[in-house]
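So the structure is just underneath, and the comments pick up after that.
Please treat every number below as a calculation from the coordinates, not as lab data. Please read these numbers as outputs of a predicted model, since none were measured by experiment. Methodologically, a virtual Cβ is constructed for each residue, glycine included, from the backbone with ideal geometry; neighbour enumeration extends over all protein chains shown.
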Amino acid sequence: MFDLQRESEADRQRYGTSEFGNHCLMARRLLEHDVPFVQINHSNYDTHHENFDFHIEQLGEFDQPFAMLVDDLHQRGLLQDTLVCVMSEFGRTPRVNTRYGRDHWGKAWSIAMGGCGIQPGAVIGATNANGTEVTDRVVDHGHVFHTILQAVGVDSSGEFDIAGRKYPIGDPAKGPIGELLA
């Protein structure tokens, strides 16, 4: 299952030859074999300097394999049972710094979700014109966590037990992003 040489040369080329491309192709293979959870990392987006050149390189490496993965999941009927989520730990400052980079910006950033349990085409929230503040539908990590769990069929309002002690599955003060759920 882990040998990508078993894939056709055409498929390997469609996904590209980067490490991320190989990981996307491997993710497809794992999902085809009913592995319930697959995480793919694409790292080094910390662009505190040379943001523009660096992102041209990074996005070029990301776009093709990711598009192939989503398309293959759709074509093979796996997307209806697979939640796809793309996110990072921070947004990026709306202004370029003195090193032509963009620093961490926790006030606003984007997440893309699709597939299992997600409303197709939904856009939730908005920022002001320069991306410095959320102006519509503020959500945070707690809401995202509940949404991910609900989308895959887990009741995020429940509890679990560790050594006789009850813990909430999700932050009880938060809930799922209802408009995003199918």
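Has region 70-92 got at least one residue that is more than 30 Å from M26 (Cβ to Cβ) and either out of contact with any Pro (no Cβ under 6 Å at 6 or more places or on another chain) or among the aliphatic types (A, V, I, L, M) (or both)?
no
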Is there a residue in region 143-154 that is over 16 Å from the mean Cα position of the chain (by Cα) and closer than 30 Å to R76 by Cα?
yes
Of the residues in region 126-182, how many are β-branched (V, I, T) and touching a residue at least 40 places away in the same chain (Cβ under 8 Å)?
4
Residues of region 30-53 being buried (at least 18 other Cβ atoms within 10 Å of the Cβ), more than 17 Å from the chain's Cα centre (by Cα) and part of a helix (DSSP H, G or I), in sequence order, are N51
When you check M1 against the structure, is it in a loop (DSSP other than H, G, I, E, B) and either touching a residue at least 60 places away in the same chain (Cβ under 8 Å) or hydrophobic (A, V, I, L, M, F, W, C) (or both), yes or no?
yes
Inspect region 119-128 for any residue being assigned to a helix (DSSP H, G or I), hydrophobic (A, V, I, L, M, F, W, C) and within 17 Å of L83 (Cα to Cα) and give the result as yes or no.
no
Those residues that are under 17 Å from E179 (Cα atoms) and in a loop (DSSP other than H, G, I, E, B), I need them from region 129-139; list them, please.
R137, V138, V139
How many of the residues making up region 1-18 are under 18 Å from G60 (Cα atoms), among the small types (G, A, S) and out of contact with any Asp or Glu (no Cβ under 7 Å at 6 or more places or on another chain)?
1
Any chance you could count how many residues in region 73-90 are in a loop (DSSP other than H, G, I, E, B), touching a helix residue (DSSP H, G or I) at 6+ places or on another chain (Cβ under 8 Å) and not aliphatic (A, V, I, L, M)?
2
Quick check on this structure: which one of G101, G170, G142, G114 is assigned to a strand (DSSP E or B) and crowded, with 16+ Cβ neighbours inside 10 Å?
G114
